[in-house]
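Participant: This structure is in structure tokens; I'll ask about it shortly.
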Ligand code: NAP
């Protein structure tokens, strides 16, 4: 039987090995999910919300324990892991409070005696999730899915299997019946067969374009709904009239949070030429504070990347960009899974630093002559997750809001997820939405009811 090996990317120590489920165990869990759904779907909102509030309480009372699991498995600074766990509590509370209102019957006047829209759960939803926010990605999907009355099967990334186990434990402790939320310790090769199972009614995947396309292909052949939250190559546009000091402060967080390993991280910095020099000089100065270190220390701002292999892949992208004309201003060094914060100037389309998603602490900077050129360059991406824009002009902001090919535009702020706002992308960033009212409606049957007069 194949095993999962969990390795601490900072120390290189093996945290433990976990067994992969056998075919029989997978089938058992599928059957369980389907069986439990028949009862769970009939539960009322207060029954579900009571349990989700309990899950939030557990996340808030045992934050440190959960945060340490995250940091040990994937190397983000402990302070960020703590914030991640608390954000999970927030999304649980948000849906525990709001789900009933979002999914209440909606009467639509027609020529019928009564006609309305009724939202019903679909059944078992398979969630394929990534390692970069091992708790958050799962909770942001699971909280609305469970409140809508669905049951959930989680296939988490191979390197965060302890997080996956712990999340299942949290839902059980919160009082959800065994089978409502189950962790499937399986490798990606097992996913296609699980999607094909008649038990699975829909799939959500957060991860790379390759994984998304593989899952969507199988889902498509089996006529099952899919939500895809894939990669991003977000631009961070700074116009000449922006508050530069604020823009630099936000840029640091937008690029370096989670050591740059976030789909919505700012990746391409597009600066108007008038402020280019000053922005870079401020950035260079402030980047000195971002020391790479032991992620368990409270003052560490950047831990390691998730593995030495990720760090090497990033290094290749940086080196190829330099060979094609990008200028290295600082950083660029790696050791094992560690990667120094790096600034590349003169980045242009055709270079990996512009065309590809750089999953690490690298600022890829391009200089432009006008806001029109900034928009054109920002849209020149295969991805379309979100745009960060800094300007003091309302008119200019509106121009970007109206013309950006993105799932989100954040003005004078960084792109971030918030349970109250829909989250998702265009183009190769995927389709469908998570969070807010839109998110909970992804995995329900929108049933039309028409009662003749
Ligand atoms: P990944 O390699 O695509 O893995 C994501 C999940 O998909 C893991 O559970 C993985 O399992 C599974 N998987 C991989 N290949 C598969 C296949 N062919 N069939 C079925 N499942 C498969 O992505 P990652 O490296 O963990 O995460 C980084 C990517 O996720 C980045 O591109 C990032 O931008 C994106 N992301 C997007 C969002 C968003 O909301 N848009 C949020 C976070 C991350 P194994 O680990 O077992 O291979």
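Bear in mind these aren't lab numbers, they're just calculated from the coordinates by the rules spelled out. Fair warning: this is a prediction, and the values are worked out from it, not measured in the lab.
Participant: Please state the relative contact order of segment 234-418 as a whole percent: Cα pairs under 8 Å, 6+ residues apart? Display every interim value, and only then the final one.
Facilitator: Working: 361 pairs, mean separation 53.2, N = 185.
Relative CO of segment 234-418 lands at 29 percent.
Participant: OK, next. Against the longest alpha carbon principal axis of the chain, how many degrees, from 0 to 90 and to the nearest 10, is the axis of helix 308-323 turned?
Facilitator: Helix 308-323 and the main axis of the chain meet at about 40 degrees.
Participant: With the contact rule set at Cα under 8 Å and sequence spacing of 6 or more, what percent relative contact order holds for the chain? Walk me through the numbers before you get to the answer.
Facilitator: Values: 1005 pairs, mean separation 83.5, N = 453.
Relative contact order of the chain: 18 percent.
Participant: For segment 212-339, count the residues as N, evaluate 2.2 N^0.38 Å, and divide the Cα radius of gyration by that value, please.
Facilitator: Numbers: Rg = 17.8 Å, N = 128, 2.2 N^0.38 = 13.9 Å.
The value comes to 1.28.
Participant: If you don't mind, there's one more thing I want to ask. For segment 1-65, list log₁₀ I(q)/I(0) at each q in 0.19, 0.22 Å⁻¹, using the Debye formula over Cα point scatterers of equal strength and ignoring solvent, two decimals each.
Facilitator: After summing over all Cα pairs, the log10 values are -0.95, -0.93.
Participant: Going by Cα centres, segment 168-200 and segment 209-228 are how many Å apart?
Facilitator: So the two Cα centres are separated by 18 Å.
Participant: Ok, one more. For the chain, what is the mean residue ellipticity at 222 nm derived from helices alone (per DSSP H run of n ≥ 4: -39500 (n - 2.57); sum divided by total residues; nearest 500 deg cm²/dmol)? Could the numbers behind the result be given before it?
Facilitator: Values: 15 runs with 188 residues, N = 453.
Helix-only estimate at 222 nm: -13000 deg cm²/dmol.
Participant: Let me check the size of segment 234-418 from its C-alpha atoms; what are the radius of gyration and Dmax in Å?
Facilitator: 15.4, 47
Participant: Quick one: pull the percentage of alpha-carbon pairs in the chain with a separation above 41 Å.
Facilitator: Values: 19203 of 102378 pairs.
Looking at the chain, the distances longer than 41 Å represent 19 percent of pairs.
Participant: I'd like the Kirkwood hydrodynamic radius of segment 191-287, using the inverse of the mean 1/r over distinct C-alpha pairs, in Å. Please list the in-between numbers first.
Facilitator: Values: mean 1/r = 0.0624 Å⁻¹.
Across segment 191-287, the inverse of the average 1/r is 16.0 Å.
Participant: In degrees, nearest 10, range 0 to 90: what is the angle between the Cα axis of helix 23-40 and the longest Cα principal axis of the chain?
Facilitator: Roughly 70 degrees between the two axes.
Participant: Could you work out the percent of alpha carbon pairs in segment 51-184 separated by over 18 Å, rounded to a whole number? List each step's numbers first, then the result.
Facilitator: Values: 4901 of 8911 pairs.
Percentage above 18 Å: 55.
Participant: Beyond 19 Å, what share of the Cα-Cα pairs of segment 122-256 remains, rounded to the nearest whole percent? It would help to have the intermediate numbers written out before the result.
Facilitator: Details: 4942 of 9045 pairs.
Above the 19 Å cut-off, segment 122-256 has 55 percent of its Cα pairs.
Participant: Helix 63-74: angle to the longest alpha-carbon principal axis of the chain, degrees 0 to 90, nearest 10?
Facilitator: 60
Participant: Write down the percent of antiparallel bridges among all DSSP beta bridges whose residues are both part of the chain, to the nearest 5. Walk me through the numbers on the way to the answer.
Facilitator: On the way: 25 of 64 bridges.
About 40 percent, rounded to the nearest 5.
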